[in-house]
1. Grab the Cα-Cα distance for Ser76 and Ala94, subtract it from 0.36 nm times how many residues apart they are, and report the gain in nm with one decimal.
2. Tell me which residues come under 5 Å, amide H to amide H, from Arg79 once H is placed; ignore anything under 5 positions away on its chain.
3. In whole Å, largest first, what are the principal axis extents of the Cα atoms in segment 2-108?
4. What ³J(HN,Hα) values, in whole Hz, does the Karplus curve 6.51 cos²θ - 1.76 cosθ + 1.60 give for segment 20-27 when θ = phi - 60°, with x put for Gly and Pro?
5. Measure nothing but the geometry: give the 0 to 90° angle between the long axis through the Cα atoms of 35-47 and the longest principal axis through the Cα atoms of the chain, rounded to 10°.
6. About the Cα centre, and with charges only on the beta carbon of Lys, Arg (+1) and Asp, Glu (-1), how big is the dipole of the chain? Nearest 20 debye, please.
Amino acid sequence: MGAINVGNEHPPWVVARWAFQGYLEYVLEEVRNDEVLTFVVEEALALDGLHLPLTDATIVQRLCPVLLRVADDVVSGARPARVEGRLLDDASQAQFRQAVEELRCLLAAP
């Protein structure tokens, strides 16, 4: 299981590791040119968790727009679910999009 905690007023987003990893690998692609954000995302992947309330506020301000943009892409189908480079079946794609839509709602909440 992987988890992203967006704030104390919301429950964490907890999903199967393949969905967590698939989503964050897309985020990692987006932040590759930013050493600090790359470290934060790689650490989250290694620890199966990203905890935004425990992360420096300036880093969160830079990372959140990327998290939202990638979530939008996943939900629209522009970034499909992959495991070890292999595209997953249609049912898994739908499950991935639905899970990331839940995260997107948490990220967009005030």
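FYI, it's all coordinate maths here, none of it is from the lab. This one's a predicted model, so the numbers in the text were calculated from it and none came from an experiment. Virtual Cβ from ideal backbone geometry, glycine too; neighbours counted across all protein chains shown.
1. On the way: separation 18, 0.36 × 18 = 6.48 nm, distance 1.06 nm.
Contour length minus Cα-Cα distance gives 5.4 nm.
2. The list, which skips near neighbours in sequence, is Val74.
3. 38, 31, 23
4. Result, ordered by residue: 4, 5, x, 5, 5, 5, 5, 4 Hz.
5. 60 degrees
6. Values: 9 positive and 17 negative charges, 34 e Å.
Charge dipole, the chain, about its Cα centre: 160 debye, nearest 20.
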